[in-house]
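Data first, discussion second: the structure below is written as structure tokens.
Read-outs throughout are calculated quantities, based only on the coordinates presented, and are distinct from any laboratory measurement. Here the structure is a predicted model, which means the values were calculated and not measured. For neighbour counting, all protein chains shown are included, and Cβ atoms are generated from backbone atoms with ideal geometry for every residue, glycine included.
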Amino acid sequence: MKVLLVEDEPSIADNITYTLGTDGFECTWVATGSDAREEVAKGGIDLIVLDVGLPDCSGFDLCSEIRRDLDTPIIFLTARADEIDRVVGLEIGGDDYMVKPFSPRELSARVRAILRRTRGSSGGNGAKEEPDQASPVFQIDEGRCLIRYHGADLNLSRYEYRLLCVFIRKPGWVFSRDKLMELVWDEPEASMDRTVDAHIKSLRAKLRAVKSDVDPIKTHRGMGYALKENL
Ligand code: CA
């Protein structure tokens with residue numbers, strides 16, 4: 001399995017390259033966006049670990065560029081907490097993110113998990129296939145800020161829409177109330193926890209109105225909420 005690491009800080013890059021290497025990955029390291037483009041053009045890369053702050057471009061722009069042709073999984077590395085909501089909003093097209101400082105072991109575990117998940121579904125050549133739908137029952141129409149559920153347009157408030165987008169893009173992931181607050185609300189500090197609960201409740205009601213026998217959102221007691229897998 002070939003991993004392309006795009007990271008301009010040599011000490012971080014050394015650490016990651018070493019750890020991925022001991023875990024059996026073949027890791028190629030480049031320090032700039034332009035070198036990354038060259039490597040990507042050569043092909044054969046199974047996953048990209050991409051620093052957001054590169055000397056010659058932003059990791060976000062590079063990701064969008066790569067996404068035009070390829071859906072090779074991308075894990076972002078970011079040093080700034082305020083970038084996380086952009087990363088996790090995943091409008092950029094990333095698959096996961098790590099906030100520096102992080103443990104290279106954990107990164108390696110994420111790399112393995114993502115590859116396990118994606119290798120099964122796409123032929124493995126990274127070529128872009130039909131719209132990559134995280135869930136067969138939901139369709140996100142980003143241009144219209146609209147979500148379809150079992151073919152029916154949901155009439156969602158802004159926060160309900162954002163909440164559901166977060167879930168749909170990461171089926172099975174458990175998001176704590178704090179995390180959802182941070183990802184979805186404009187002024188998280190101004191609101192209280194139960195705002196999340198209230199929106200989940202109204203969201204569930206709207207989903208139930210379409211299909212009454214299924215509750216796609218699972219409550220994990222004491223932890224948060226997740227979209228059920230295999231809907
Ligand atoms: Ca950097």
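Using the Karplus relation 6.51 cos²θ - 1.76 cosθ + 1.60 with θ = phi - 60°, the per-residue 3J(HN,Hα) values for the stretch 58-70 come to 8, x, 5, 5, 4, 4, 4, 4, 4, 5, 5, 10, 10 Hz, with x marking Gly and Pro.
Each residue, Arg105 and Thr22, gets one label point 7 Å from its Cα in the Cβ direction; the gap between the two is 0.9 nm. Over the stretch 138-227, the pair-distance histogram of Cα-Cα distances with 5 Å bins from zero comes to 3, 14, 27, 27, 19, 9, 2, 0 percent, rounded to whole numbers. Defining a contact as two alpha carbons under 8 Å apart and six or more residues distant in sequence, what relative contact order in percent does the stretch 1-40 show? Relative contact order for the stretch 1-40 comes out at 52 percent. Applying the Kirkwood pairwise sum to the alpha-carbon positions of the stretch 2-119 produces a hydrodynamic radius of 13.9 angstrom.
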